[in-house]
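This is the structure I have questions about; it appears just below.
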Amino acid sequence: MNLQTIGNAILIVLVIGWIGYRQTTWRPVAIGRMYRLALILAIVGAGLLVQQSHGLTGLDVAVLLVEIVISLGVGAWMGAIARFRPLDPPVRVGSSDQVARFASRTGWWGLALWLVVLAVRVGIDVLATSLGAHAATSTGIILLLIAANRVARTAVFAVRLERHAAVTA
């Protein structure tokens, strides 16, 4: 077991714990801020991937594409099962000028979906590594997959909230 593997395990535990907590608590919905987090994760992930890998093989790219499709699908599913409640009065989110009118949570099902993502990720990593795709285990790819999940979830949130606003207007 090398230092990168230990770092990945710690990162996974921290991210799953943090996101698990956020899945089960009501959080103000600020679509712009949600996209920003995904963008930051994607940029950091891409940077780490470039820094850590010595070139991607075709197998690495294929594994990455499969994992991204899975992350996007689970993210969309999380967005679809999310519950919303109005915030009265609306709250200002962070230091931005963005105002949240709704809070959301996906609850225990959202946490269960994260555990499914983790299990599938570990399974694919084991298989990919045995086939010679070593970039699949990099921290950069983990962050790219989390970013893909968050983008899909946020996109579904945005569509659902837009429909809700149209119905209530």
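Can you pull out every residue in segment 114-134 that is over 17 Å from Ser71 (Cα atoms), modelled with pLDDT under 85 and part of a helix (DSSP H, G or I)?
Those that are over 17 Å from Ser71 (Cα atoms), modelled with pLDDT under 85 and part of a helix (DSSP H, G or I): Thr129, His134.
Moving on to the next point. Which one is surrounded by the most Cβ atoms within 10 Å (Cβ to Cβ) among residues in segment 49-71 that are in contact with a His (Cβ under 9 Å, 6 or more places away or on another chain) and within 20 Å of Ile12 (Cβ to Cβ)?
Asp60
For Leu145, indicate whether it is within 25 Å of Ile43 (Cα to Cα), part of a helix (DSSP H, G or I) and either free of Cβ contacts under 8 Å to residues at least 24 places away in the same chain or not basic (Lys, Arg) (or both).
Spelling it out, Leu145 is indeed within 25 Å of Ile43 (Cα to Cα), part of a helix (DSSP H, G or I) and either free of Cβ contacts under 8 Å to residues at least 24 places away in the same chain or not basic (Lys, Arg) (or both).
Kindly indicate which of Val29, Val74, Val93, Val15 is at pLDDT below 85, of a type in the set (A, V, I, L, M, F, W, C), surrounded by 16 or more Cβ atoms within 10 Å (Cβ to Cβ) and more than 14 Å from Ile142 (Cα to Cα).
Val93
State all residues of segment 75-100 that are touching a strand residue (DSSP E or B) at 6+ places or on another chain (Cβ under 7 Å), part of a loop (DSSP other than H, G, I, E, B) and over 14 Å from Val159 (Cβ atoms); if no residue qualifies, say none.
Selection gives Val93 alone.
Asn149 fails exactly one of the following numbered conditions: (1) at pLDDT 85 or above; (2) surrounded by fewer than 22 Cβ atoms within 10 Å (Cβ to Cβ). What is the number of that condition?
(2)
Look at Ala46 and say whether it is surrounded by 12 or more Cβ atoms within 10 Å (Cβ to Cβ), touching a residue at least 24 places away in the same chain (Cβ under 8 Å) and either outside any helix (DSSP H, G or I) or under 14 Å from the mean Cα position of the chain (by Cα) (or both).
Here the answer is no, as Ala46 does not meet what is asked.
Looking only at segment 101-113, which residues are out of contact with any Pro (no Cβ under 7 Å at 6 or more places or on another chain) and either of a type outside the set (D, E, K, R) or not in a strand (DSSP E or B) (or both)?
Once the filter is applied, which keeps residues that are out of contact with any Pro (no Cβ under 7 Å at 6 or more places or on another chain) and either of a type outside the set (D, E, K, R) or not in a strand (DSSP E or B) (or both), segment 101-113 yields Ser104, Thr106, Gly107, Trp108, Trp109, Gly110, Leu111, Ala112, Leu113.
The values are calculated or read from the model by the stated rules, or taken from the named source; none is laboratory data. Everything quoted here is computed from the prediction, not taken from an experiment. Backbone-built Cβ (ideal geometry, glycine too); neighbour counts: all protein chains shown.
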